[in-house]
Amino acid sequence: MNQFYFAPLEGISGYVYRSAYEKYFGKTDKYFIPFISPNQKGKLSSREKNDILPEHNKGMYAVPQILTSSAEDFIRTAQKLGEYGYEEINLNLGCPSKTVVSKGKGSGFLAEPERLERFLNEIFETCLEKNNMKISVKTRIGKESPEEFDRILDIYNQYPMEELIIHPRIQKDFYKNIPKLEVFEMAVKRSKNPLCYNGDIFTVDDYRKISALFPDVSRFMLGRGILKNPGLIPAIREGRYLKKEILKAFHDEVYEAYKEVLFGEKTVLFKMKEIWFYMAPLFSDSEKYAKKIKKSEKLNVYETVVEALFEERCLRME
């Protein structure tokens, strides 16, 4: 049976969103927690700590992700996560953000294959061989060119990864252009590690096309596709399409939780506006409602607009 993973989406798929998502939609085999970026003091930020607390991840198989190019920082953070009970850690080699890449982290690390190889040597020797901690890797296929991935895959093949999650774009693509499926096909043929496909699965048809192209791949990571349609994985698994009352209950749970844990109306609204940026097109003729949500500066105004949207508009798949 195929497995489906929830991608780590910084700023959105934190524990509040994940908990509500698991309650109303579930059907997800792994949740990847948005990245921890180790600091010099070796302490977790309040956001990072809240995201990895076991009580905030009940009923889920959650995998923390680390973003760093320092083996020492990775090992220290992995050991700390082990103290919280985590047995699997994910390494972020995919983030395309310019601020991340400029520091040689995320997909920026892919431009330094020799340094990357030394880094992987150290973390696998310490975390896996000595501490028996599983390591998975989420990667892009290069920084400047897809041709870089030939060398990168040779490096990856040296290490016993829990799985290799490939988003077949280069860093410079960000989320534009078409995923390089021919590069993923090369990885399917040559990878010594189990593979997971990630990239541009927004609909059931998207999933069917990818799974038909790669019948030997059984693991799929969805990110923006879930934000655009939280009911996507149940639709893929069971043909069970999203119901408006379920989406409303999910929204309300996220909204009420944010009001409890965040300080100030603007902070709550910022979070909810991020969600609606992706979710509004689920509704027919939603443009005017989306504009009003974006312009909302008070919670009572926001609530009125959202209530009207749910009452007056249908979901496109209904």
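The values are calculated or read from the model by the stated rules, or taken from the named source; none is laboratory data. Keep in mind that what you see is a predicted model, and the values were worked out from it rather than measured. As a convention, Cβ positions derive from the backbone with ideal geometry for all residues, glycine included, and neighbour counts pool all protein chains shown. The accessibility values were calculated without ligands, DNA or RNA, using every heavy atom of the protein model including side chains. Shrake-Rupley method; radii C 1.70, N 1.55, O 1.52, S 1.80 Å.
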Next on the checklist: Need one number: nm distance between label points at Lys103 and Glu245, each 7 Å from Cα along Cα→Cβ, rounded to one decimal.
Outcome noted: 4.7
Item to check | Relative contact order, percent, the stretch 206-299 [alpha-carbon distance under 8 Å, six or more residues apart] | outcome: 24
Checklist outcome for this item: For Asp29, Asp205, the accessible-area ranking with a 1.4 Å probe, largest leading, is Asp205, Asp29
Next on the checklist: Quick one: 3J(HN,Hα) in Hz for the stretch 59-70, Karplus 6.51/-1.76/1.60 with θ = phi - 60°, rounded, Gly and Pro as x.
Outcome noted: x, 10, 8, 9, 10, x, 10, 10, 10, 6, 10, 9
Checklist entry - Once the piece of chain linking Phe202 and Glu129 is laid out straight, how much longer is it, given 0.36 nm per residue of separation minus the C-alpha distance between them? => result 22.5 nm
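Taking the stretch 178-208, which trypsin sites (Lys or Arg not before Pro) meet the DSSP loop condition and have no more than 14 other C-beta atoms within 10 Å?
Sparse-neighbourhood loop trypsin sites (Lys or Arg not before Pro): Lys192.
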Checklist entry - Using alpha carbon centroids, what distance separates the stretch 5-49 and the stretch 216-278, in Å? => result 13
Next on the checklist: Can you tell me which lysines have their Cα less than 26 Å from the Cα of Lys266? Leave out same-chain residues fewer than eight positions away.
Outcome noted: Lys49, Lys228, Lys248, Lys288, Lys291, Lys292, Lys294, Lys295, Lys298
Checklist outcome for this item: Per its Cα gyration tensor (rounded if a/c is under 1.5, else prolate when a/b beats b/c, else oblate), the stretch 42-134 is best filed as oblate
Item to check | Mean separation of Cα contacts under 8 Å (6+ apart) over length of the chain, as relative contact order % | outcome: 15
Checklist entry - What are the principal axis extents of the Cα atoms in the stretch 160-280, in Å, biggest first? => result 51, 34, 30
Item to check | Rounded, prolate or oblate (a/c below 1.5 giving rounded, otherwise prolate when a/b exceeds b/c) for the stretch 133-211 by Cα gyration tensor | outcome: oblate
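In Å², what does the accessible area per residue of the chain work out to with a 1.4 Å probe?
Heavy-atom SASA per residue in the chain reads 47 Å².
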Checklist entry - Mean separation of Cα pairs under 8 Å and 6+ residues apart, divided by the residue count of the stretch 13-167: what relative contact order is that in percent? => result 19
Item to check | Accessible surface of the stretch 167-280 [probe 1.4 Å, protein heavy atoms]: carbon and sulfur percent | outcome: 54
Item to check | Heavy atoms of Met186 accessible to a 1.4 Å probe, total area in Å² rounded to 10 | outcome: 50
Checklist entry - How far apart, in nm, are two points set 7 Å out from the Cα along the Cα-to-Cβ line at Asn121 and at Glu10? => result 2.9
Item to check | Potential extension, Lys176-Glu256 segment - 0.36 nm per residue separation minus Cα distance | outcome: 25.4 nm
Checklist entry - Rounded to the nearest 0.05, what FRET efficiency is calculated for Val188 and Lys27 with R0 set to 25 Å and r the Cβ-Cβ distance? => result 0.50
Item to check | For Lys105, distant residues with modelled amide H under 5 Å away | outcome: none
Next on the checklist: Within the stretch 1-118, what whole-number % of the accessible surface is contributed by carbon and sulfur, with the 1.4 Å probe and all protein chains included in the calculation?
Outcome noted: 47
Checklist outcome for this item: For the chain, the Kirkwood Rh over every pair of distinct alpha carbons, in Å, works out to 20.5
Checklist outcome for this item: Calc'd 3J(HN,Hα), the stretch 263-270, phi into Karplus 6.51 cos²θ - 1.76 cosθ + 1.60 (θ = phi - 60°), Hz, glycine/Pro = x, comes to 9, x, 4, 4, 5, 5, 4, 4
Item to check | Lys248 accessible area, assembled protein chains, probe 1.4 Å, Å² | outcome: 40
Checklist entry - In whole Hz, what ³J(HN,Hα) sequence does the stretch 159-165 give by Karplus (6.51, -1.76, 1.60; θ = phi - 60°), x for Gly and Pro? => result 10, x, 7, 4, 5, 10, 9
